[in-house]
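Visitor: My structure is below; once you've seen it, I'll send some questions.
Derivation of every value follows stated rules applied to the coordinates shown; laboratory data play no part. Being a predicted model, the structure only gives us computed values, none of them experimental. Cβ sites come from the backbone with ideal geometry, for glycine too, and all protein chains shown count toward neighbours.
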Amino acid sequence: MDWFEDRARDVADISAGAWTALAAWLAVVAGVAALVYAWRQYQRAREQTAELMQPNVAMFMEPSASDWHLVELVVKNFGRTPAYGIRFEFANPPTVGKYEAAYEDRYVDVTPLNLPAEIPYLAPTQEWRIVWDSALDRRELGEAIASRFDGAVTYYDEPRTNRKGTQTRNQFRSTAVLDWATLHPVERLELLTTHDLARQEKQKLELLRNLLTYYHYATSESREEVLRVEINRVRAAADELRERYRAEYNHVPAAVNRNYAPAPVNDNYAPAQDHDNMAFDEAHTTVINGRHRRDLS
């Protein structure tokens, strides 16, 4: 009890000026702590703002909007500022088959995808894309072509020489995994849009036009043996088409008419050819297919 009484007596003996000085020092300490806290919060907000305002370039693959089985390689800037000097980095570069140069044994050379050495500039939300390959063709190649590629894109937030003439720019790097196995299966659900229906109707009209052209030239022939050859040819084509659709509907192999032998063709008979229509057909086929490709199936 004596000790507590002594301490209480000492506190009571402190003058008012000492209490004022102590309160001032405590205020100074609290102010310094508040300033340190505010400075740290300012630095954190500044870093977050800088991170949000920097370019953000990503590389990915997605199906083409014009043709579902074509896959495109896309490089897009999702940031709020431009990206400069975008370059690709791959341990094993993406590959594609040279289908236009297939050999007679259906062997296809595999070559690296033709990527540019550098994409100079990508504005915010701007993207660069290139058609990579067809999922149908790639499935037919199987294990002969790689399906997974690990890579990255490097880019800068400033051009090579900025307005001040210096090179104070920051480099960024975004990694990516391009894997064909992550895409939707090649077997897809047919969703007919207005564009698809219009294209189908256009193809039906083209088929009808070719049939009428064939009928026009065939009926111009008066020899009975030649007409019989054409009749047998059309009948055989109709039977084959009917059997094929029946097999696809019932999921059974199509029956082969082994008793049918086409009549010999008269070498002296050669229907006239409409070269203008042939040229139109080739050009129209090119537009419909959209790509010259050797059938590997």
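Visitor: At a Förster radius of 35 Å, what calculated FRET efficiency corresponds to the Cβ-Cβ distance of residue 110 and residue 175, to the nearest 0.05? Provide the component values of the computation, followed by the final result.
Guide: Working: r = 24 Å, r/R0 = 0.69.
FRET efficiency, residue 110 to residue 175: 0.90.
Visitor: Where does each of 60, 149 land when they are ranked from fewest to most other beta-carbon atoms within 10 angstrom?
Guide: Working: 60 13, 149 19.
Listed from fewest to most nearby Cβ atoms, that is 60, 149.
Visitor: Modelling each spin label as a point 7 Å along the Cα-to-Cβ direction, I'd like the residue 69/residue 37 distance in nm, to one decimal.
Guide: 6.6 nm
Visitor: Apply 1/(1 + (r/R0)^6) to the Cβ-Cβ distance of residue 126 and residue 18, taking R0 = 51 Å, and write down the FRET efficiency to the nearest 0.05.
Guide: Working: r = 69 Å, r/R0 = 1.35.
Result of the calculation: an efficiency of 0.15.
Visitor: OK, next. Compute the semi-axes of the equivalent ellipsoid of the range 57-182, taking the square root of 5 times each eigenvalue of the Cα gyration tensor, and list them largest first in whole Å.
Guide: Working: eigenvalues 218, 41, 29 Å².
Working through the eigenvalues yields semi-axes of 33, 14, 12 Å.
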